[in-house]
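The values are calculated or read from the model by the stated rules, or taken from the named source; none is laboratory data. Since we're looking at a predicted model, the values are computed, not measured. Virtual Cβ from ideal backbone geometry, glycine too; neighbours counted across all protein chains shown. Only protein heavy atoms, including side chains, enter the accessible area calculation; ligands, DNA and RNA are left aside. Shrake-Rupley method; radii C 1.70, N 1.55, O 1.52, S 1.80 Å.
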Amino acid sequence: MVRSLWTGASGMIGQQANIDVISNNLANVNTHGFKKQRAGFEDLIYQTMRVAGTPATENTVVPVGIQMGHGVRLAETQRVFSQGALQQTGVPTDMAIAGDGFFRIQMPDGTWAYSRNGSFKVDPTGRMVTSNGFWLLPDIVMPEHFLPESINITRDGRVSVRVPDDGELIEVDVGRIELYRFPNPVGLTAIGDNLFRTSAASGEPIPGTPGFEGMGSIQHQFLEMSNVAIVQEMVNLIVAQRAYEFNSRTIQTTDTMLGAAVNLGR
């Protein structure tokens, strides 16, 4: 009977972790480029009391063994990199990736991070940066006196602006967006701020031109929204809540049985 106490407790701990994952998904339902997570579980070690195939008589064996489980544990929190909805913003520095790929971002310490959030800005030096001031790579630097509303980004990532010249407006190419994909994107490590770092599981980044060789295309003046489906997450939340209640009920039942056993001698 004591085994069931620990088994029920492991179930409650597992479902609490499941609810933590769901709550984080719901909290980021409006986060640009956010990719939802799902909790995966695995059963714990089993205590084998009788091995299947053990000889029962001289000519027969036991067809079914006896094993007692010890509960469940959280095995993974896998990120789901499905495409989020694209929302038109009309902002000249906004861009979304339709398909596979990540933007490369340079961190303050010189290392690289990767993001699906295309909400970029232009800093005082003319460089395209994230909302936190981190540089977009390769560098996209606007010329002096450019017209902010004239920024144009093509589907294959070419960036151009218009600048005044002798009373006329001329179009100037200022750079090209490059995307990166990974052999195993679910192996990326989230570090907050809509950013991911590579890991030994993700593999090395593979650069490419938007719209070619399996890379997604750039959608100018759009942003990719979160891929969290609110209705599905609410259903998952209800299922997790009921599972938590069922596991707590096994603990209550075991406690009642232990109480009855204690009272047998009275």
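For the condition among the aliphatic types (A, V, I, L, M) and surrounded by fewer than 13 Cβ atoms within 10 Å (Cβ to Cβ), Val51 qualifies. Taking segment 48-70 as the range and being under 42 Å from the mean Cα position of the chain (by Cα) and either modelled with pLDDT under 90 or not polar (S, T, N, Q) (or both) as the test, the residues that pass are Met49, Val51, Ala52, Val64, Gly65, Ile66, Met68, Gly69, His70. For segment 20-40, a residue qualifies if it is hydrophobic (A, V, I, L, M, F, W, C) and surrounded by fewer than 17 Cβ atoms within 10 Å (Cβ to Cβ), and the qualifying residues are Leu26, Ala27, Val29. It is to be established whether one or more residues within segment 170-179 are on the phi > 0 side of the Ramachandran plot and loosely packed, with under 15 Cβ neighbours inside 10 Å. No, segment 170-179 contains no residue that is on the phi > 0 side of the Ramachandran plot and loosely packed, with under 15 Cβ neighbours inside 10 Å.
If I go through segment 197-210 residue by residue, how many of them are within 22 Å of Arg158 (Cα to Cα) and open to solvent by 40 Å² or more (accessible area, probe 1.4 Å)? Qualifying residue count, segment 197-210: 3. Asn194 meets each of the listed conditions (1) surrounded by fewer than 18 Cβ atoms within 10 Å (Cβ to Cβ); (2) touching a strand residue (DSSP E or B) at 6+ places or on another chain (Cβ under 6 Å); (3) not small (Gly, Ala, Ser) apart from (1). The set of residues in segment 138-158 being touching a residue at least 24 places away in the same chain (Cβ under 8 Å) and either assigned to a helix (DSSP H, G or I) or surrounded by fewer than 17 Cβ atoms within 10 Å (Cβ to Cβ) (or both) consists of Pro138, Asp139, Val141, Pro143, Pro148, Glu149, Ser150, Asn152, Thr154, Arg155, Asp156.
Among the residues of segment 76-89, which ones are among the small types (Gly, Ala, Ser) and open to solvent by 20 Å² or more (accessible area, probe 1.4 Å)? Those that are among the small types (Gly, Ala, Ser) and open to solvent by 20 Å² or more (accessible area, probe 1.4 Å): Ser82, Ala85. Looking across segment 159-171 at every residue that is of a type in the set (D, E, K, R) and part of a strand (DSSP E or B), the one that is farthest from Met142 (Cα to Cα) is identified as Glu168.
For segment 59-71, indicate whether the set of residues that are surrounded by 12 or more Cβ atoms within 10 Å (Cβ to Cβ), more than 30 Å from Ser150 (Cα to Cα) and touching a Pro at 6+ places or on another chain (Cβ under 9 Å) is non-empty. So far as segment 59-71 goes, yes, one or more of its residues are surrounded by 12 or more Cβ atoms within 10 Å (Cβ to Cβ), more than 30 Å from Ser150 (Cα to Cα) and touching a Pro at 6+ places or on another chain (Cβ under 9 Å).
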